[in-house]
């Protein structure tokens, strides 16, 4: 490397160490060098990205459609979405939209990560409506998320909308309105018509025509009908519930948590493992490096679920997609397959985000030509744009 280029190499390494403090220090110099090489000497990649990027439709806005509310990260069984008279099947990676009514069949379940990194988990026989959804990165005042729960059992984990605007997240049933405050919450319907709302993490309120009841963390509200004041009670938490498992992992060392996650991956149902991964974001004591270790443990213990785990992790933490790739490879997954899954999971990625993922893949053993070929394959299919 020439004398003129050396300062840029050092600057890149320093920038990476600041931006990704959790990255292993011995890899930073090589990582910075590769990034520098890619930026200066890989015009073919930039040209390929420019050539394959679809041209915007005449008059189209540059931002993604605000109607796109989120994406399915896990689907088991028959799940559908209906907008007006049009009904469609929902599969993993499919989007859902504002004003959609989403239904999980009697033997189905689905997990959605929304654009603001919140999660909606539908249990079998559940129907919800995306009544209102607005999330604009630069306009917190316009944030709004109102989810109708029609029947069944829904677990909701809040995201950036709740963090930025505490009054903007509501859940509504036919007989109650639920205000959410930094929460992991469950809404359950019962055969006799009553409903139970449980605040597993955080707090909020339940309101109907009879009045409003504030609900603290760990408590539930029972709603009999629209005209009877909700009743507070303490509901026992199943020790195998994802919130209980997340808290158990949070109390362990990083090494022990990773090993326990590997063990749990062979015992807990796949759809609940996805909720567990989302639940970690609700606990402030879980730091990023520990979350990545738990993710690696889950993939080691359940490699068949790895694509859904990668998709969920990238949707929740796109800013560290390269580190997610690294952990997936360390879990024993083949690098080109992991690269495909990570790139496919990125939502409207920037060139820098894509480059960092490609470089990490090269660090893990794939050639730059091979990494670019994976990217081009996805772009030819209209993905990773």
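A short reminder: the numbers here are calculations on the coordinates, not readings from a lab. Computed from a predicted structure; not experimentally measured. So basically every Cβ, Gly included, is an ideal-geometry build from the backbone, and we count neighbours across all protein chains shown.
Taking the number of Cβ atoms within 10 Å of each Cβ as an exposure proxy, the fewest-first ranking of 323, 383 is 383, 323.
Among 93, 248, which comes first, second and so on when ranked by fewest other beta-carbon atoms within 10 Å? All intermediate terms of the calculation are to be shown ahead of the outcome.
Details: 93 17, 248 13.
Final ranking by Cβ density, sparse to dense: 248, 93.
The ranking of 291, 368 from fewest to most other beta carbons within 10 Å of each one's beta carbon is 368, 291. Sketch the reach of a paramagnetic label on residue 254 as a point 7 Å from Cα along Cα-to-Cβ, and name the residues of region 271-290 whose backbone nitrogen lies under 18 Å away. In region 271-290, the label zone of residue 254 (backbone N under 18 Å from the point 7 Å along Cα→Cβ) covers 280-281, 283-290.
Could you tell me whether region 68-233 comes out rounded, prolate or oblate from its Cα gyration tensor? Rule is a ≥ b ≥ c as square roots of the eigenvalues, rounded for a/c under 1.5, then prolate if a/b exceeds b/c, otherwise oblate. In terms of gyration-tensor shape, oblate.
Considered as an equivalent ellipsoid built on the Cα gyration tensor, region 167-277 has semi-axes of 31, 14, 11 Å, the largest given first. Computed from label points 7 Å out along Cα-Cβ, the spacing between residue 163 and residue 94 is 3.0 nm. The Cα center of region 229-243 and the Cα center of region 245-285 differ in position by 19 Å. Both the radius of gyration and Dmax for region 330-385 are 10.4, 29 Å, in that order, over alpha-carbon atoms.
Given R₀ = 45 Å, what would the calculated FRET efficiency be for residue 238 paired with residue 369, taking r from the Cβ atoms and rounding to 0.05? Using R0 = 45 Å, I get an efficiency of 0.35. Look at where the Cα atoms of region 118-182 and of region 312-379 average out, and the two centres are 30 Å apart. Remark: spin-label model distance residue 212-residue 83 equals 3.4 nm, labels positioned 7 Å along the Cα→Cβ axis. In this structure, residue 283 and residue 226 have a Cβ-Cβ separation that, at R0 = 41 Å, corresponds to a calculated FRET efficiency of about 0.75. Placing pseudo-labels 7 Å out from each Cα toward the beta carbon at residue 68 and residue 190 gives an inter-label distance of 4.2 nm.
Taking a ≥ b ≥ c as the square roots of the eigenvalues of the Cα gyration tensor of region 242-380, is the shape rounded (a/c under 1.5), prolate (a/b larger than b/c) or oblate? The shape class here is prolate.
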